[in-house]
Structures are given as C-alpha cells and as structure tokens.
1. Would you mind stating whether residue 559 is closer than 21 Å to residue 461 by Cα, in contact (Cβ under 8 Å) with a residue 24 or more places away in the chain and among the small types (Gly, Ala, Ser)?
2. Just one of 161, 179 is in contact with a helix residue (DSSP H, G or I) (Cβ under 7 Å, 6 or more places away or on another chain) and outside the structural domain of residue 52 (by TED's automatic domain parsing); which is it?
3. Among the candidates 614, 594, single out the residue that is at pLDDT below 95 and closer than 23 Å to residue 203 by Cβ.
4. From 310, 236, which residue is hydrophobic (A, V, I, L, M, F, W, C) and either surrounded by fewer than 24 Cβ atoms within 10 Å (Cβ to Cβ) or more than 16 Å from residue 165 (Cα to Cα) (or both)?
5. Go through the range 378-397 and count every residue that is surrounded by fewer than 24 Cβ atoms within 10 Å (Cβ to Cβ) and either among the aliphatic types (A, V, I, L, M) or not assigned by TED's automatic domain parsing to the domain that holds residue 443 (or both).
6. Answer yes or no: is there a residue in the range 130-145 that is in a loop (DSSP other than H, G, I, E, B), in contact (Cβ under 8 Å) with a residue 40 or more places away in the chain and more than 16 Å from the ligand (Cβ to nearest atom).
7. If you scan the range 211-237, which residues turn out to be in contact (Cβ under 8 Å) with a residue 40 or more places away in the chain and in a loop (DSSP other than H, G, I, E, B)?
8. Would you be able to tell me the number of residues in the range 60-78 that are touching a residue at least 12 places away in the same chain (Cβ under 8 Å) and either surrounded by 15 or more Cβ atoms within 10 Å (Cβ to Cβ) or under 26 Å from residue 445 (Cβ atoms) (or both)?
Amino acid sequence: TLPVANITTRTTCPYCGVGCGVLATPQPDGSVAIAGDPEHPANLGRLCSKGSALGETLGLEGRLLYPESDGVRVTWDVALERVANTFKRTINAFGPNSVAFYGSGQLLTEDYYVANKLMKGFIGSGNMDTNSRLCMASSVAGHKRAFGSDTVPGNYEDLELADLVVLVGSNLGWCHPVLYQRIVKAKAERPDMRVVLIDPRRTVSADIADLHLAVQSDGDSALFVGLLAHLANAGIAAPDFVIDHTSGVDAALLIAEDWDLARVAAVTGLAEKAIALFYDWFARTEKAVTVYSQGVNQSASGTDKVNAIINCHLLTGRIGRPGMGPFSVTGQPNAMGGREVGGLANTLAAHMDFTPDAIERVGRFWGSDSIATEPGLKAVDLFAAMGRGEIKAVWIMATNPVDSMPEADMVRAALAVCPFVVVSDMTGSTDTGVTAHVRLPAAGWGEKDGTVTNSERRISRQRPFLTLPGQARPDWWLIKEVAQRMGFVDAFSYANPGEIFAEHAALTAFENDGSRDLDLSGLLDADYASLPPTQWPVRRKPRARMFGDGQFFTPDGKARFVPVLPPPPFAPPPGRFILNTGRVRDHWHTMTRTGKTARLSAHYAEPFVEVHPTDAARLNIHRATLVRLSNRHGSAIVRALVTDRQRRGHLFVPMHWTDQFASNGRIDALVAAKVDPVSGQPALKMAEVHAEPL
Ligand code: SF4
C-alpha cells in the first residue's frame, strides 16, 4: 500500500552514528518531504545537510533492481539456489572456514542478526566481519579491556552538561554535525563551557574550540599518558573511586610518570605551554567529556589510545555521571547494532565472545550443534586470505571494500581470484559490485524496516515509506532464503523483521543474570511497530548512563587501568608526506546515495588534497593544481587545496571518491594495510606518500 501521499512516517537517518530521527512524507507529485523529528532525543528536530537532502537521493537511477547471475538477469529462485548451492558445495569440499560474509554498518540490526546467525551459528565459521572493523573496532577493544564489556557509558546530553568537551581525532562539525550543533548551542548558552580540539588538522570543529592542539599524527597516546601523570601529580585522582572500583592503577602510573611536559611536547609536536593549559583545564574541570572518533580508532595504536583516554576518566572517577565520561562516537548509522548482534569476527552474539560458556549457551539458544568455536578473520586478514586462495566464497553485503579497504587494489585483486563472489546492494555497479558472480538487489533506506542503534546506545526504528522497486528485497530476507535453501529451514523461518528483533532481544536476556551489559529483556513484549527510540540496557527501564554505580562487567566488577606505552613519533622518509584520510561534510562513504544530488556535490565536487602553503610552494603546487600522490601500493590524482589548516608535512584527502565518480580518486588504494594489533582496525589515518604536481 506504500507510499501514501501526505502520510508522515517516523524513521531514522541512514548516515552517521548520531542517529537522527527523520519525518518522511511522500508528496502527491512523487517526491518525499524530509524533516527532522522534533520528538527524537538524538536531534530534537535538527538535521544536517546530508540528512535534509535525503529526499533528493531516492530516485532509481543506478539501482540494482533484479537478481543477476554472471551479469544476466535471473529469477530470485535461480540466484538464491546458486548462492546456497555454491556455499554448500564449498563448505563440503573445503570446510566452513573457506567461506565468509563481509557486512556493513549500513545493515539494520535484523539483517545483521540473521547473517551472523547463519555464519557463526549454522555454517560454523567465525568468518563474519564487517566494515565496522574500519570504524569502531579499536573502541570496542578498548572498552572491553577497561570495562569488561563493549559499553558506551554516557549519552548525548553529557556533551551539553559538560564544562569541558575534549574532541580527540573527531571533526564533529562535519562528521557528526547535529551533535556538534548541540555543543554549539550549549556553549552559546553557557559561554564558560570550554572546548578543546585535538587533531593534526585545524578542521571546522576548531571554530568552537578554545584551544586547538595540532598534535602530531598518533601523538594523542603520549598526550593522554602525560595527562594521567599530571592528574596524579596534581592530586586530582579520586582515591575512593580508584580503590573501590578499579584495578591496575599502579602499573598505568608507572609508565605515565616518565611522561613529563618536555617528553610529551617532543612526541606530540606541541608547545609545552599549550599542553600545560589543556592539562590544567582537564584537572580543574569535574564535568569533562572526552569525545573520540576515527582519529583515535583508525590507528595502529588505536586501542591503546582509547585506553589512554579512559585511564584519565577512571583516575578522576569521571565516568557514568552527568556531564562526564569518555565518549566514543560511531561513524556509521548501525555500527552499534552490528556490534550488539556479534557482527565482528571476534565476537559471537549479543555482546558475548567465543568463551566456552557463551558458545554452549548461544548454540543451545539457536538449537545448533554446528556453532563456530573460534573467532574468524578480521577484515584485513579476510581479504588477504582471499588473495591467497583460502576464502573460496564470499558474500559482501551493503558495502564497497574495493574502495574503502586499505590497499584497496589488493582487495580488488583478491576478489578477482575468489571463485565465488556474491554482492547484495541497492546500487548496481559499485567498484565491488562489478566483481560479483551473483548480484542481489537489496532494499534501501525508505524501503527497509528494522532498527539501528546510535552512539548513545539508543535503538531507533527505520520504517518504510516507499514501495520496494523492481524485485529488490530486504537483506534479512535474502539471507534467510539462502539459509533455508542450505537446509536450515526452521531456524530461519522469519516472516518479518519484528520476529527477528524479538529473537535478538530474547538472546540478550537468555541466562543473563546481570553479568552481561546488553540486556533487552524489557523490550520482549514491546510493540515493534510503534517502538519509540529506547536506550539499552532495558531490563526494567532504560538506563541513560552506565557505571555511575561503580560496577563494571569484569570478573571482579572493577574497571581496569591499561598501561599504555606511547608509540615513538612517526617520521616519514625525506620527501614523503604523512597522508590522512577522512570525510567531508556533504558526502557519505562511497557516495552511492549522496552522489545523486547536485546540492551535496556543490560543497566539494571532486577529490582534493589539502596541502600546507609552505609545502605547496616547495613543490610548485598552486591552488587547483592537479597533484599525483603515489607509493608502492597505488596512486591517485587529486586537485590541490592549499591551506594552512593543514600541518606542514601532512596531507589530507577525503575517502569518498570511487572509480564511479572520479577515476584515480580512490585514496584508500594508497593506505598500507597496517592494523592495530589488538583490534585489527587499519591505520587509515596514516600513510606515507610522495606528492608531485602533474
Ligand atoms: Fe543524519 Fe548524522 Fe546528519 Fe543526523 S547528523 S542528519 S544522523 S548524517
């Protein structure tokens, strides 16, 4: 019966991890009016440029509308049979670890749940990873080391209640604009509120910063280890909290005490005076929130950086109370929901890991005796294994690794040698989609029905307001159809996403005596259709903050300090630059949606490289000069944007452009596949490149 003109649907934005509520109203002329939902707690009616342009991105141009096998349109039966039979044959011949799923923070929780259940529960392999590996894995690992669980302690309101907001590796102004707007408003109302930006670039977020620390790449570990020492030396520690609710402080301080101002300055490239000012503000401000994002996570020492930040909040007891705490903001709309169902290769399900107890419990809940018993391959390892011929069948869902993975040309080469590649996507010919043997048309935003979880643990509904075009189907349906054709009929007999959500909620509550953070038992009888935005855990009632009671999910109930040894400063060889990558304000990922509207492309129409004026002069690069960036992994040609927002010796190139939109613009082809040893997250913020004018 969809769409119905002038009937408004309450849904959620499909872009960033702020998770804004959206009101979508189909118009008699076929267009869709978009407005912010004034009742959604994340945005209270606001939308950013991307969210407000959603109505312009709903056209069918470029859509994959029919199943295809070897480039030929086929029926759903033919496509699904081929996928199921090929996966079955491959598993029979080479074992369950010869196949893999690679998912996305764009999937809804219900899609993610069914994919994870099929791979880990019934195929019996841990090889279900996701592009959230590129986004949040270091925060997940840091949370688990400190809290014993992957728990974000605070909520968005804390950013407004804080007297000091520290933004680390986060261009909130462009990447989480509505959250940024909330801080701008709070600061306007309380001018004494301070903002510190820690970022090698003077991004737009510096506009509200009282202090910008243009830290050397990966210098943030040293900055926070030095802060820990300063807090201890200045007597700012909260001794009762530290003694009663934490462990390991002495080991963390033992390393930190060697990091005085001079040493921190040497590694970070910052002036001692500026560091001292930041330390003084942090020490003297009880209500302090440290917001961190990809500049922290996308690093070869990302997990340590997360723990260096958390250590400072544990030492001061500033966690789980209004206006204070470490706060990881997720990049994608449902990176959190994917983590919740176990969508990372090193997690099993419902925030349970591959422990003997959890394997037995989840296997019993799912009624499966073939459940995976060990973690699978993380993204970078997964594509490397594919390149070696070890992964013989892969299903890539709603993501574009040929553009977004580090050493992206290697990923393309790996897919070219993989005997069987399935891509399910709403877009027809992404750089990944063209490598597929079978392409499955997936439903997109406005057509899909399910839930997402935003950065403050808030579950919100995405609801459909458009008819499914062509033969597109929801991702959960595709996966369950393949599962049933593989012989897992009863376990995947879902009729709708509400049934899947109910099963997910039941698993979070299953034999959960309070020792697991994720508990949705309060939603078991909820009306899925009208589910309001709800923060978890939801045992009896939602909880806005975690850990305010000093209880953590470690075996002894105490939070753990993690000793962090900062890495040495990174200096590229002479003549090379440090390349940083990231987002621009008006595009999302590989532009399959935002690239459809001229309004969003008006901000930046083509890929560019930010270069400092001194470096530009030395290389004879002028404004708008075409510049070739290259290293042993690949090359890109982008236009120069000469600006002193950039540090000398550093370059910045946005991540969005693909072969579809700008040949030679795929910047992740130049990023080495170096990963954090704990989280497996790639260091997408730091590559070594050569630059020359064309
Ligand atoms: Fe969408 Fe993020 Fe913008 Fe909100 S801030 S409208 S969730 S892109």
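The values are calculated or read from the model by the stated rules, or taken from the named source; none is laboratory data. All of these numbers come straight from a predicted model, not from anything done at the bench. Positions of Cβ are generated from backbone atoms using ideal geometry, with glycine treated the same way; all protein chains shown enter the neighbour counts.
1. Values: closer than 21 Å to residue 461 by Cα: no; in contact (Cβ under 8 Å) with a residue 24 or more places away in the chain: yes; among the small types (Gly, Ala, Ser): yes.
Spelling it out, it is not the case that residue 559 is closer than 21 Å to residue 461 by Cα, in contact (Cβ under 8 Å) with a residue 24 or more places away in the chain and among the small types (Gly, Ala, Ser).
2. Values: 161 fails: in contact with a helix residue (DSSP H, G or I) (Cβ under 7 Å, 6 or more places away or on another chain).
Of the residues listed, the single one that is in contact with a helix residue (DSSP H, G or I) (Cβ under 7 Å, 6 or more places away or on another chain) and outside the structural domain of residue 52 (by TED's automatic domain parsing) is 179.
3. Result of the check over 614, 594: 594.
4. 236
5. 4
6. Taking every residue of the range 130-145 in turn, none turns out to be in a loop (DSSP other than H, G, I, E, B), in contact (Cβ under 8 Å) with a residue 40 or more places away in the chain and more than 16 Å from the ligand (Cβ to nearest atom).
7. 214, 215, 216, 217, 218, 219, 234, 236, 237
8. Qualifying residue count, the range 60-78: 11.
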